[in-house]
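The values are calculated or read from the model by the stated rules, or taken from the named source; none is laboratory data. Since this is a predicted model, take the numbers as computed values, not measurements. With ideal geometry, Cβ positions are generated from the backbone for all residues, glycine too; neighbour counts draw on all protein chains shown. Protein only, heavy atoms only, side chains kept; ligands, DNA and RNA dropped before computing areas. Shrake-Rupley method; radii C 1.70, N 1.55, O 1.52, S 1.80 Å.
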There are 2 protein chains.
Amino acid sequence: MKDRPSRATGRPTLAQVAARAGVSQITASRALRSIATVDPQLATRVHDAAKALAYVPNPAARTLASARSQSILVLVPALSNHLFIETLEAVQDVLRPRGFDVLIGNYHYRQDEEEELIRNYLSFQPCGILLTGFNRSETAARLLANAGVPCVYMMELRQEEGIVCVGFSQEAAGAKVAEHLMSRGRRKLAFVGAQLDARVLQRRDGYQQAIARVDLPPAFEIMTPEPSSVELGGDLFNRLLTEHPNTDGIFFCNDDLAFGASFEALRKGVAIPAQISVVGFNDLPGAGQMVPRLTSVRTPRATIGEHAALSLLSLLCGETPEIPALDLGFKLIVRESS
Amino acid sequence: MKDRPSRATGRPTLAQVAARAGVSQITASRALRSIATVDPQLATRVHDAAKALAYVPNPAARTLASARSQSILVLVPALSNHLFIETLEAVQDVLRPRGFDVLIGNYHYRQDEEEELIRNYLSFQPCGILLTGFNRSETAARLLANAGVPCVYMMELRQEEGIVCVGFSQEAAGAKVAEHLMSRGRRKLAFVGAQLDARVLQRRDGYQQAIARVDLPPAFEIMTPEPSSVELGGDLFNRLLTEHPNTDGIFFCNDDLAFGASFEALRKGVAIPAQISVVGFNDLPGAGQMVPRLTSVRTPRATIGEHAALSLLSLLCGETPEIPALDLGFKLIVRESS
DNA sequence: GATTAATAAGGTAGCGCTATCTCAAAGTCG
DNA sequence: CGACTTTGAGATAGCGCTACCTTATTAATC
């Protein structure tokens, strides 16, 4: 019988660590995974051996043997929006130091793409998933349910048995903006929305409801499914001025649009806030430097990422978070534009 | 002997596909990986069986058996800069349809963090790595060399045996800006840089060299290692006005800074471009909407991502790209601010 | 037509790790 | 003090796939 060439990677293996520590492989495995049933003295020997050999576990072998990886999947609708970047960073800051690795999936606000990502990434057997909002295809939801992987939902809230979510009330935020504009004496309000994901619509609803509560006529709406951008903001602002020239208060569904509108106003000589008050959403970096400085709703996107990751961790430990739907609130930052 | 409970995942396996197709497992494996030595007829049978069973390969098993994953690691210095987002998206657009999955590592412009990410992700046995620039710790470079994983470098160019890179000449871009400002009659030039990564310094060098070539005094420099932001741009602009009030042309190392400066100029009543010409870098979305519309250098960041991914693919096939250092150029977009 | 070379398919043996079971030793209790 | 539980460690057997070697078949060469 000829010797087959080794197919090994050359990296130190658990077997070598175990041999060096004078214990069995499985004991070494348990020690390195901090499983309680190992004598502390043995555990120390194992850790010393691992350090001496510069042992790094092989995640593929681990995943294959346990049918569960150390990866956590995070699905966001866009990377182009700075909002989600901050959420992602916070998620990574929580998970990476704890030995998880974060897989990022960007579905470009498309349900079919999200479904495809879920299908694809489930084959990696992630140990947990962070999702944005509740709006997804039935197939996607079924895939997730069948996989039995713990999920935490970000950005939106829903009080429902078995649902763990971290976010804030988009409706309440929308209402707050309406109340603010009305407190400034604005009566001819408008809402400008792009992209039109579930959260934009929720903000719109909250905004309109607050207006209805004081028996004002509903806000004029300009809505487009186009992706949001600074340029689009300028266009929609112009459209609004043409269609409803006497508008005196606008809530843009996000800051990008509001930025574009502000530029256009400067160019056209439309006085903000003298003639029209403008409010954005998210309070992105730069909102406070705009001319005029932009009133916006500061959303807790980083904290949402952080707490979503922590909630997922507790799910992974078999615990249920005390508050399954965690409301992190928001804050209206009033500046010159209103 | 008691029956052990199955540890299987429940998902269909290659063995089932093979059985259904009436071939051996290894033939099924080869057929699904499109390895040439399989009879097309058998291959069809295998593919049909796989489809019928909704078979999805187990990446962990694949990685373990072959000591090589289907993952490609991309390391970028920041996600907060929109520039890299576009590069990442282009990379993903090339690699995901071809069955690779993209691992994103963000090292926050810190060499130690990059090193840590490399160390960590190498344990996943990625089949290729995309890196940003050439500036990294020696340890990191050694780790990469020892791993023997194909690498492609993005953003910067270097003519060197065995180095595959895709980018453009940062120096040439800097020079181009200087020439443009001088062509507008500007003589008292300044350079404002933040973050100060290698690429910012290269742009600065190109800028200064172009100025030196026509025997003008060197540009005044304001340099700070702080992370770049709109707010910082305003601060640095004010500092520049105080320290060198007669400056008549400024090159900001990126658009964020230029945005902040523009806002501050509007606020202070400094006339751009009448009093000072301003040029940014990257031509981020929004540059064309600024007041005044910002002159900027449009960088091919998406194309860089695309070509870097393609070059990596050819390395994976054992080919060497015809042009190992691919210069994708840049374009000065002249607008109102200069 | 015998020998060699190329080709295609399959058998076998892991890759490196962990789940499960087994067993010995120690602790617990009526 | 014997029967029962608890505890810690090890033996065993895969997880699902692919690399390597071998063998069967066909094509090419002398």
(message) Quick check on segment B:186-227: take the gyration tensor over C-alpha atoms, sort the square-rooted eigenvalues as a ≥ b ≥ c, and tell me if it's rounded (a/c under 1.5), prolate or oblate.
(response) oblate
(request) Would you mind pulling out the separation of the Cα centroids of segment B:273-338 and segment A:172-233, in Å? (result) 36 Å
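A:Pro12: net charge of surrounding residues, Cβ under 13 Å, Lys/Arg +1, Asp/Glu -1, itself excluded?
Details: positive: A:Arg11, A:Arg20, A:Lys51; negative: none.
Residues near A:Pro12 contribute +3 overall.
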(request) Give the shape of segment A:165-242 as rounded, prolate or oblate, defined through the alpha-carbon gyration tensor: a ≥ b ≥ c are the square roots of its eigenvalues, a/c under 1.5 means rounded, and otherwise the shape is prolate if a/b is larger than b/c and oblate if not. (result) oblate
(request) Go through segment A:261-275 and flag every residue whose accessible area shrinks by 50 Å² or more with all protein chains in place compared to the isolated chain (probe 1.4 Å). (result) A:Phe263, A:Arg267
(request) Please list B:41-54, A:121-134 highest first by mean number of surrounding beta-carbon atoms within 10 Å per residue. (result) A:121-134, B:41-54
(request) Take peptide B:55-63, look around each residue's Cβ out to 10 angstrom, count Cβ atoms belonging to other protein chains, and average those counts. (result) 5
(request) Could I have the simple spin-label model distance between A:Asn146 and B:Leu316, label points 7 Å from Cα toward Cβ, reported in nm to one decimal? (result) 2.7 nm
(message) What Kirkwood Rh does chain A have if only Cα atoms enter the pairwise 1/r average? Answer in Å.
(response) 22.7 Å
(request) Take the solvent-accessible surface of the protein heavy atoms, probe 1.4 Å, and return the percent of it on segment B:30-158 that carbon and sulfur atoms account for. (result) 50 percent
(message) Given contacts defined as C-alpha pairs under 8 Å and at least six residues apart, what's the relative contact order of segment B:23-114, whole-number percent?
(response) 22 percent
(request) Along Cα→Cβ, 7 Å out, is where each label goes; now give me the distance between the ones at B:Gln111 and A:Arg213 in nm to one decimal. (result) 5.7 nm
(request) Springs between alpha-carbon atoms under 10 Å, Gaussian network over chain B: tell me which of B:Ser29, B:Ser228, B:Ser66 tops the mean-square fluctuations. (result) B:Ser29
(message) Pairs on different chains or at least eight residues apart, Cα atoms closer than 29 Å: how many lysine pairs in chain B fit?
(response) 5
(request) Mind telling me which of B:Gly286, B:Gly233, B:Gly167 comes out most flexible in a GNM of chain B, alpha-carbon contacts under 10 Å? (result) B:Gly286
(request) Kindly tabulate the residues in segment B:284-303 with an accessible-area decrease of at least 50 Å² between the chain alone and the assembly of all protein chains, using a probe of 1.4 Å. (result) B:Gln289, B:Val291
(message) Test of the criteria: in segment A:100-164, which GluC sites (Glu not before Pro) are in a DSSP loop and have at most 12 other Cβ atoms within 10 angstrom of their Cβ?
(response) A:Glu160, A:Glu161
(request) May I ask for the accessible area buried between chains B and A, both sides summed, probe 1.4 Å, to the nearest 100 Å²? (result) 3800 Å²
(message) Can you give me the % of accessible surface on segment B:226-338 that is carbon or sulfur? Probe 1.4 Å, all protein chains present, nothing else counted.
(response) 53 percent
(message) If I model segment B:14-57 as equal point scatterers sitting on the Cα atoms and use the Debye formula, what is log10 I(q)/I(0) at q = 0.18, 0.26 Å⁻¹?
(response) -0.37, -0.79
(request) Note down the accessible area of A:Glu179, probe 1.4 Å, to the nearest 10 Å². (result) 90 Å²
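What number comes out for the charge environment of A:Leu266, summing +1 per Lys or Arg and -1 per Asp or Glu over other residues with Cβ under 12 Å away?
So the surrounding residues net to +3.
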(message) Which of rounded, prolate or oblate describes segment B:170-298 when judged by the alpha-carbon gyration tensor and an a/c cut-off of 1.5?
(response) rounded
(message) So with the 1.4 Å probe, I'd like the accessible area per residue for segment B:1-81, rounded to whole Å².
(response) 61 Å²
(request) Calculate the dipole size of chain B relative to its Cα centre from +1 charges on Lys and Arg beta carbons and -1 charges on Asp and Glu beta carbons; express the result in debye to the nearest 20. (result) 1140 debye
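Can you give the accessible area per residue of segment A:170-298, in Å², using a 1.4 Å probe?
Ligands and nucleic acids excluded, the result is 36 Å² per residue.
DSSP loop GluC sites (Glu not before Pro) in segment A:303-338 with at most 10 other Cβ atoms within 10 Å of their Cβ, which ones? Let's see the in-between values first.
Details: sites: A:Glu306, A:Glu319, A:Glu322, A:Glu336; in loops: A:Glu319, A:Glu322, A:Glu336.
Here the GluC sites (Glu not before Pro) that fit, given the DSSP loop and packing criteria, are A:Glu319, A:Glu322.
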(request) Determine the order of A:Glu226, B:Glu86 by accessible area, beginning with the largest, at a probe radius of 1.4 Å. (result) A:Glu226, B:Glu86
(message) Leaving ligands and nucleic acids out of the surface, order A:Cys151, A:Cys317, A:Cys253 by accessible area at 1.4 Å, largest first.
(response) A:Cys317, A:Cys151, A:Cys253
